[in-house]
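Asker: Please see the structure below; I have some questions.
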Amino acid sequence: MSAQVPIAAYLILAAVLFSIGVAAFLIKRNLITVFMSIELMLNAVNLTFVAFAHMWHQVSGQIFVFFVMVVAAAEAAVGLAIIIAIFRTRETLNVDQIDLMKS
Amino acid sequence: MPSNLWLIPLLPFAGFLVNGTIGRKLPRALVSAVALICTAIPAAIVAWLWITMKAAGAPDVIQIVGKPWIAITGLTVNFAFTVDHLTLIMLGVVTGVGFLIHIYSVGYMAHEEGYWRFFAYLNLFMFFMSVLVLAESFLLMFVGWEGVGLASYLLIGYYFKKDSAANAGKKAFIVNRIGDFGFLLAMFLIVREFGSLDFAHVFNAITVNPEWHEGILTAIALLLVLGAVGKSAQIPLYVWLPDAMEGPTPVSALIHAATMVTAGIYMVARCHTLFDRSPYALGVVAIIGTATAIFAACIGMVQHDIKRVLAYSTVSQLGYMFLACGVGAYAAGIFHLLTHAFFKALLFLAAGSVIHALSGEQDMRKMGGLRKRIPITFWTMTMGVFAISGIPPLAGFFSKDEILYQAFVSTNPIGKILWFVGLVTAGMTSFYMFRLWFKTFFGPEHFEEHTDLHDHGAAVHAYSGSHAVMVADPEESHKHSVHESPWIMLGPLVILAILSIIGGWVGVPAAMGGHDEIGHFLDPVFASGASAEAAATTSHGSELGLALISVIVVAIGFYIAYIFYYKKPRTAAALAARAPALYRLVENKFYIDEIYGVIVMVLMMISRVALGSLIDGGIVNGSGAAAGGLTKGLSSLVRRVQSGNIRSYAGWLALGAAAVLLVMIFGRSVWLH
Amino acid sequence: MQLALFIIFGALAVAGALNLLLQRHPINSALSLVVVMMSLAVLYWSLGAEFLAAAQVIVYSGAIMVFFVFVIMLLNAGEEERTTGSRAAYIVGFPGAAAIFCLLSFVFLSERHAFGSANVGGYLNHITSNIAEVSSLLFTKLLLPFEVTSVLILVAILGAVVLARKEQ
């Protein structure tokens, strides 16, 4: 059974994941959860790239995903280090209470 | 030959430049010499012009055209002078009487500060007046018009340290300006209608179109009348002339009696072609003239300052000239202008002599009995008084009677009423002039013999007004007795007195056995397009009859003055005491100045509220404040973005991303289809 | 089979994402995210990106998510308290998110005919394998970005070490 799945379906799935990621970014109050929603958004984008790579029969889309993964790893490392540093000074991971930049 | 015409205005202007710039450093003799030469030569040129133009076969009009002034499509104005018979008469008055007054001023102003300034301004006035009279176009005449207004302002405010003098100068200029506004509007209409401002062009256009009547011509004429009313001190713009007496007496004589104030009459006479086509405008002129004549005469009857009496008398006589023009008798108006120049200048100069003799006293209640003290002044002034009252065979009789007669026989529906009012005014004129005569020269002496009202220099002029102080030796004490003026002042008085006597003889009408030379002289000017032809049709009998009636009225006026002020001097005071409110009303000039003040105040209040509060405060200030407020409001809204809260930043980010997506997707519609 | 794979693992991914949204304790959210990533790995494989599927499992869910869980446990982040957050996040954020979703779906749906369809294992029939293709491109034309990326990782390591160090 090789029923055809339209590429658009994959893209819409990615859009759904992306929107959920944005919503989570806005709703959640824990700093680490917010960070994880960023990762979710990145994954959604990765799916989009892979889908298009499949559509155009080119492999450069997948290479882009590769690079995105690398960057996401680096970003996760640095970001979590920052979160640890923040936790040390602020003793809290609540996003709303980290507002030193309030004008 | 005609190129000498340029010298007539330019020489006084040169005199103004010399005296105005370096006159301060020059000795008085040199200043006077410059001023006198720059006035004498134009007088000589005018005299020579008289001779050439009266000769048989001479052209009626001389024209010289100079460089173009404005040369654009639709309008060309040249510097052009024209001399016809009307101009000749005006020039004669301006330069001749002007020259005499210059001579008089040398004596009168001898000890004034700012001597050079006086003569500089006087020459400036001569320049502008000549330009006004010689001009060939409305625009050039307007230059002269404005210029004499300026010279008048400068000279009225000559004693600039005195508040009242400075205010009087301002008042004169501003009231004149209202009239000039009318003149300007008239010029605009003329340009629009005729496409040119040259007299010849405009009047020719009217003449070759006999069917043009009323309409726009009335509008132009009425606006010109507004200008004339301002310059010639008629109702309602006469209020500046009595105040203008703050200036030195020669100024009052020259500018506010003989020349500048007659500019309005001259302008109406010059534009007679235009006025003849608008009987409505002529009617307005006649009514204004008559009303002013009697109104001013009323006020003049109860004034105490000798110069004020003469000022109101001037306004009244100008009303006569307006009346003459209003009934179409332009030649009669110009004739009266000529005689009035003689006797009014004489009266002012003689009054100056009286004031000088009394060391600055101008109130007639403090005069009296001067007949024996200053005989020459007395006799010359008597000639003037007789002339203005209209006693035959002096000048005023012929000219005033001509006007009254023309009013009586004119085609104007209210001509008889105008004649009657003019007759009454003649009686009042006679009354107040003889009142002045009696109070000044007859009766007991009310003046202070050794007045200490004067000292040297400008201080006394700041205090007591327009007079000169002749002190034999500046080091002497300030006692100063009543004495006759020096001959440099009396000479012009005598000449003007002679002219007042014989001046009317050029206009003796045919009814009295004369040839009416002046009327015929002015025929080439006024014959074209004229519509007042009643003179030829009525009999001589009615003219003689009317003349007789006026002589009787004059005699009545003399008699009343005689009773009031000579025989029984208490009568006037008793009469005044019986009707105190009415007396006070007239004495205070019917409170016209105060009424004007209130009107102007009201207008200014309205404009202050409307323009000031509403527009300036509301709109101008308001829009500025609104802009500021708007910025503040917007910024306080936008400031909330900087909350320091990560989630709100995230929210704005999401919104921004959506907006970018929107633009990208729908901004490039090629992707969609 | 493509369809079955897609439906099952697509639903699983969405469920995991929703769970991440709805859970209160961050450790639950982290584990949900792992589920999402695993499902995505399957989807990659179904689209012919075998190398990426493997990388997703090894790197993403095997390393990064473990790292997340590790930090959560280290910091002992408890359940979220209810605090009053920023109103702007809800007022402008949700419409923004909704708008993004709507826009994207609009574009994708209106162009779905141009996209074509997916064939499962489409590349598996080819001569060269997916990995060979990826590596031949990566090490020839994209060598520079590859090397730069390794420098990037080095920098990130150094940064993380510096930032997370205790104050001396």
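The values are calculated or read from the model by the stated rules, or taken from the named source; none is laboratory data. Given the structure is predicted, the values throughout are model-derived calculations rather than measurements. Every residue, glycine among them, receives a Cβ derived from its backbone with ideal geometry; neighbour counts consider all protein chains shown.
Asker: Can you tell me which residue within the range C:22-47, out of those that are facing chain A (nearest Cβ under 7 Å) and either touching a Leu at 6+ places or on another chain (Cβ under 7 Å) or without any contact (Cβ under 8 Å) to a residue 40 or more places away in the chain (or both), is surrounded by the fewest Cβ atoms within 10 Å (Cβ to Cβ)?
Answerer: Residues of the range C:22-47 that are facing chain A (nearest Cβ under 7 Å), as a first pass: C:26, C:29-30, C:33, C:36-37, C:40, C:43-44, C:47.
Imposing the further condition that a residue be either touching a Leu at 6+ places or on another chain (Cβ under 7 Å) or without any contact (Cβ under 8 Å) to a residue 40 or more places away in the chain (or both) reduces the set to C:29, C:33, C:36-37, C:40, C:43-44.
Details: C:S29: 27, C:L33: 28, C:V36: 30, C:M37: 23, C:L40: 30, C:L43: 26, C:Y44: 26.
Per the stated criteria, the residue is C:M37.
Asker: Kindly indicate whether A:F25 is out of contact with any Ser or Thr (no Cβ under 8 Å at 6 or more places or on another chain), more than 7 Å from chain C (Cβ to nearest Cβ) and at pLDDT below 95.
Answerer: Details: out of contact with any Ser or Thr (no Cβ under 8 Å at 6 or more places or on another chain): no; more than 7 Å from chain C (Cβ to nearest Cβ): yes; at pLDDT below 95: yes.
Considered against the rule, which asks whether it is out of contact with any Ser or Thr (no Cβ under 8 Å at 6 or more places or on another chain), more than 7 Å from chain C (Cβ to nearest Cβ) and at pLDDT below 95, A:F25 comes out as no.
Asker: Which one of A:I12, A:I98, A:I63 is farther than 21 Å from C:V57 by Cα and at the interface with chain C (Cβ under 7 Å from one of its Cβ atoms)? Break it down into steps so the answer makes sense when it comes.
Answerer: Working: A:I98 fails: at the interface with chain C (Cβ under 7 Å from one of its Cβ atoms); A:I63 fails: farther than 21 Å from C:V57 by Cα.
Matching residue, one of A:I12, A:I98, A:I63: A:I12.
Asker: Another question about this same structure. Are any of the residues in the range B:225-248 over 24 Å from B:D593 (Cβ atoms) and modelled with pLDDT of 90 or more?
Answerer: Within the range B:225-248, the first condition is being over 24 Å from B:D593 (Cβ atoms), and the residues that meet it are none.
Checked the range B:225-248: no residue is over 24 Å from B:D593 (Cβ atoms) and modelled with pLDDT of 90 or more.
Asker: Additional query: Hey, could you check the range C:88-114 for residues that are modelled with pLDDT under 80 and surrounded by 19 or more Cβ atoms within 10 Å (Cβ to Cβ) and say which is nearest to A:L11 (Cα to Cα)?
Answerer: Checking each candidate, the answer is C:G93.
Asker: Further question on the same structure: Do we find a residue being touching a helix residue (DSSP H, G or I) at 6+ places or on another chain (Cβ under 8 Å) and closer than 30 Å to C:V148 by Cα anywhere in the range A:85-94?
Answerer: We begin by selecting, within the range A:85-94, every residue touching a helix residue (DSSP H, G or I) at 6+ places or on another chain (Cβ under 8 Å); these are A:85-87, A:90, A:93-94.
Filter again for closer than 30 Å to C:V148 by Cα, leaving A:85-86.
Checked the range A:85-94: at least one residue is touching a helix residue (DSSP H, G or I) at 6+ places or on another chain (Cβ under 8 Å) and closer than 30 Å to C:V148 by Cα.
Conditions tested, residue by residue: (1) under 27 Å from the mean Cα position of the chain (by Cα); (2) at pLDDT 80 or above; (3) within 30 Å of B:P242 (Cα to Cα).
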site	(1), (2), (3)
B:G513	no, no, no
B:A536	no, no, no
B:G557	no, yes, yes
B:K568	no, no, yes
B:A577	no, no, yes
B:G618	no, no, no
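Asker: Next question. Whether any residue in the range B:661-673 is within 30 Å of C:F106 (Cβ to Cβ), of a type in the set (K, R) and surrounded by 13 or more Cβ atoms within 10 Å (Cβ to Cβ) is what I want to check. It would help to see each step written out before you state the result.
Answerer: Looking only at the range B:661-673, we keep the residues that are within 30 Å of C:F106 (Cβ to Cβ), and these are B:661-673.
From the residues that got through so far, the ones that are of a type in the set (K, R) too are B:668.
Imposing the further condition that a residue be surrounded by 13 or more Cβ atoms within 10 Å (Cβ to Cβ) reduces the set to none.
No, the range B:661-673 has no match at all.
Asker: If you don't mind, there's one more thing I want to ask. Does any residue in the range A:29-47 that is assigned to a helix (DSSP H, G or I) come within less than 6 Å, Cβ to Cβ, of a residue that is among the basic types (K, R) six or more places away or on a different chain, and which pairs are these?
Answerer: A:V34/A:K28
Asker: Inspect the range C:8-18 for any residue being in contact with an Asp or Glu (Cβ under 9 Å, 6 or more places away or on another chain), within 24 Å of A:S19 (Cβ to Cβ) and at pLDDT below 95 and give the result as yes or no. So that I can check it myself, show each step before the final result.
Answerer: Looking only at the range C:8-18, we keep the residues that are in contact with an Asp or Glu (Cβ under 9 Å, 6 or more places away or on another chain), and these are none.
No, the range C:8-18 has no match at all.
Asker: From the list B:G390, B:G368, B:G422, which one is buried (at least 22 other Cβ atoms within 10 Å of the Cβ), in the same structural domain as B:L499 (by TED's automatic domain parsing) and on the phi > 0 side of the Ramachandran plot?
Answerer: Working: B:G368 fails: buried (at least 22 other Cβ atoms within 10 Å of the Cβ); B:G422 fails: on the phi > 0 side of the Ramachandran plot.
Just one listed residue meets the conditions, B:G390.
Asker: Hey, can you tell me all the residues within the range B:353-377 that are touching a His at 6+ places or on another chain (Cβ under 7 Å) and part of a helix (DSSP H, G or I)?
Answerer: If we filter the range B:353-377 for residues that are touching a His at 6+ places or on another chain (Cβ under 7 Å), which is where we start, we get B:355-357, B:359-360, B:363-368.
Selection gives B:I355, B:H356, B:A357, B:M364, B:R365, B:K366.
Asker: What helices (runs of 4 or more DSSP H) lie completely within the range B:210-290 and have 1 or more residues being among the charged types (D, E, K, R)?
Answerer: Details: elements: B:216-231, B:240-243, B:249-253, B:263-270, B:272-276.
Passing ranges, in order: B:216-231, B:240-243, B:263-270, B:272-276.
Asker: If you don't mind, there's one more thing I want to ask. Scan B:G182, B:G147, B:G114 and give me the residue that is modelled with pLDDT of 90 or more and either closer than 23 Å to B:L7 by Cα or touching a Phe, Trp or Tyr at 6+ places or on another chain (Cβ under 8 Å) (or both). Before the answer, list the steps.
Answerer: On the way: B:G182 fails: either closer than 23 Å to B:L7 by Cα or touching a Phe, Trp or Tyr at 6+ places or on another chain (Cβ under 8 Å) (or both); B:G114 fails: modelled with pLDDT of 90 or more.
Only one candidate qualifies: B:G147.
Asker: Mind counting the residues in the range A:38-60 that are under 24 Å from C:M73 (Cα atoms) and more than 7 Å from every other protein chain (Cβ to nearest Cβ)?
Answerer: Qualifying residue count for the region: 3.
Asker: Return the residue satisfying two criteria in turn: it lies in the range B:4-28 and is closer than 15 Å to B:F118 by Cβ and hydrophobic (A, V, I, L, M, F, W, C), and of such residues it is nearest to the chain's Cα centre (by Cα).
Answerer: Here the residue is B:F16.
Asker: A follow-up question, please. Against the definition (buried (at least 20 other Cβ atoms within 10 Å of the Cβ) and not acidic (D, E)), how does B:N167 come out, yes or no?
Answerer: Working: buried (at least 20 other Cβ atoms within 10 Å of the Cβ): no; not acidic (D, E): yes.
When the stated conditions are applied, B:N167 does not pass them.
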